[in-house]
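This report concerns only the one structure given below.
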Amino acid sequence: MSRTGAAPKPGIVHLGPGAFFRAFNAVFTEDAMAAEPGDWGIVAVSLKSPAARDQMAPQDGAYTSVTLGPEGAEYRVIGSVVRVLVAPEDPEKVLEAMCAGTTRIVSLTVTEKGYAHEPSTGRLNLKHPDIAHDLAGGAPRSAVGFLVEALARRRASGLAAFTVVTCDNLPSNGPLLRGLVLDFARARDADLAEWIAAEVAFPATMVDRITPATTEADIAALESAQGYRDPACVTHEPFRQWVIEDRFPTGRPAWDRVGAQMVTSVEAHETMKLRCLNGTHSTLAYLGYLAGYETIAETVADPDFARLCDRLWAEEIVPTLEQPEGEDLAAYCAALLERYRNPAIRHRTWQIAMDGSQKLPQRILGTLADNLAAGRESPGLVLAVAGWMRYVGGVDERGEAIDVRDPLADQLMAAWDGAEGAGAKASALLGMREVFSAELAGALQAPVSAALELLLDAGARAAVKERVQ
Ligand code: CS2
């Protein structure tokens, strides 16, 4: 398998070449270059493992995007990635790519934890090992460290800055990343921070396409359908939505010609997506996993869980939202349930349950805080928080160990194990200031303890059933 035609000339460096990037950014950019030719080939950079490079390099960066609709699969070879670098092997090469005169955009899909911030406050975590290392002046390891070092070098050599486009599911992701970069730059050199503040655009974005981690079964299915083996393939739903704040002083691909919505403010779209989609995704992930369901489609096939989603949207989430331009919130939520039901997408509850400490604040806790302020009850979201606690406790309802993946997994499990009974366990976990503000923790103590007690006594299925009666 290889790309059709010559590789494009590079114009973008992208940090985080995982499945989502391959199902989303790289496809949009390929489409944009087809609609309007331009030098927007992508140098993809892995900040951690060599896996993506090992899969993609032998194929010259090309890979297959598999669209899984309810009516079957569509296959397409994507050729917009021109090279894959592995930062820990050669950080200098990554900086060289970021400092090339041709690089006009640096984009990121590094997941929530890749920003090394404190989720409850949005500030840079200066104690994060990679940040502490990078601030001490070694070759960068963190995304923020790479951005600041590359911008410092561009400034020193008189090159224009690149535009930084974050594509992770974080609230006000552009301003958030700008704040982190400035926190880091200030700790290094106040003049550099001023230059970055004045020169670098950090447009906000809302990204959406359900993309489960690729499995060996996906690779085998592609091989039997198409006759070739592609370990770098990605499977995803047909739906895609990209809302982008249109601030690109250094130019951009014609993403708008291929369906991206260029707007002046992304905020309302982003909050809608984080709360409606990701909020219910995480709810289904914790409660569904505990109930013994392996995938989201399986979870919402249980009518009580589908009803829980409907209740959450109608009574707890949508009332907190501003109306984003061009969206009908009720129709948006109804379409979400259909997307979750797509039987071809095997999105594991375990996968979505990962990194809850980094996800909960923007997906669920902000909504809870708004409801508290408005005097609205949130029985479903409270149960979701209790479900997360039960999950990070590390033992499922049949007494089997749960493989909890979270940067704070050890602290979370210690908090759970160190307390006896629902009230004390809830209190120990609510005491984690990385996740909960003191104010929210106080307000949630009683309702979350009660929900946790219900979960521990009756199990997730019965608890969900009770909430949707
Ligand atoms: C999911 C998201 O894994 C998760 O936490 O909620 O990856 C979700 O599938 C995407 O945001 C959909 O756009």
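Results, tabulated for the structure shown:
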{"quantity": "Verdict on Thr235 being assigned by TED's automatic domain parsing to the domain that holds Val66 and assigned to a loop (DSSP other than H, G, I, E, B)", "calculated": "no"}
{"quantity": "Those residues of segment 216-260 which are polar (S, T, N, Q), out of contact with any helix residue (DSSP H, G or I) (no Cβ under 7 Å at 6 or more places or on another chain) and surrounded by 16 or more Cβ atoms within 10 Å (Cβ to Cβ), in sequence order", "calculated": "Gln226, Gln241"}
{"quantity": "Number of the exception - Gln323 against (1) at pLDDT 95 or above; (2) in a loop (DSSP other than H, G, I, E, B)", "calculated": "(1)"}
{"quantity": "Residue among Val110, Val106 that is under 26 Å from Thr214 (Cβ atoms), among the β-branched types (Val, Ile, Thr) and in a loop (DSSP other than H, G, I, E, B)", "calculated": "Val110"}
{"quantity": "Subset of segment 359-374 [of a type in the set (A, V, I, L, M) and either touching a residue at least 24 places away in the same chain (Cβ under 8 Å) or within 12 Å of the ligand (Cβ to nearest atom) (or both)]", "calculated": "Leu360, Ile364, Leu365, Leu368, Ala369, Leu372, Ala374"}
{"quantity": "Residue in segment 312-319 that is in a helix (DSSP H, G or I) and more than 25 Å from Met389 (Cα to Cα) present", "calculated": "yes"}
{"quantity": "Any pair with Cβ under 6 angstrom, 6 or more apart, that starts in segment 331-358 at a residue that is under 12 Å from Thr211 (Cα atoms) and ends at one that is assigned to a helix (DSSP H, G or I) and within 12 Å of the ligand (Cβ to nearest atom)", "calculated": "Tyr340/Ile296; His347/Ile296; Ile352/His281; Ile352/Ala285"}
{"quantity": "Near pairs, Cβ below 8 angstrom, 6+ apart or cross-chain, from segment 392-403 (at positive phi) to any residue that is assigned to a loop (DSSP other than H, G, I, E, B)", "calculated": "Gly394/Ile402; Gly394/Val404"}
{"quantity": "Test for Arg229: is it under 20 Å from Ile12 (Cβ atoms), out of contact with any Ser or Thr (no Cβ under 6 Å at 6 or more places or on another chain) and assigned by TED's automatic domain parsing to the domain that holds Val165", "calculated": "no"}
{"quantity": "Checking Tyr293 against (1) away from the ligand (no atom under 16 Å from the Cβ); (2) not in a helix (DSSP H, G or I), the condition it does not meet", "calculated": "(1)"}
{"quantity": "Filter result for Gly356 (of a type in the set (Gly, Ala, Ser), buried (at least 18 other Cβ atoms within 10 Å of the Cβ) and touching a Ser or Thr at 6+ places or on another chain (Cβ under 8 Å))", "calculated": "yes"}
{"quantity": "Odd one out for Val200 among (1) crowded, with 19+ Cβ neighbours inside 10 Å; (2) within 16 Å of the ligand (Cβ to nearest atom); (3) not aromatic (Phe, Trp, Tyr)", "calculated": "(2)"}
{"quantity": "Per-region count, segment 130-145, residues over 21 Å from the mean Cα position of the chain (by Cα) and closer than 20 Å to Asp168 by Cβ", "calculated": "2"}
{"quantity": "Criterion violated by Ala213 - all others in (1) more than 16 Å from the ligand (Cβ to nearest atom); (2) surrounded by fewer than 19 Cβ atoms within 10 Å (Cβ to Cβ); (3) within 16 Å of the chain's Cα centre (by Cα) satisfied", "calculated": "(1)"}
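The values are calculated or read from the model by the stated rules, or taken from the named source; none is laboratory data. Nothing here was measured: the structure is a model prediction, and the numbers come from that model. Counting neighbours? That spans all protein chains shown, and the Cβs are built from the backbone with ideal geometry, glycine included.
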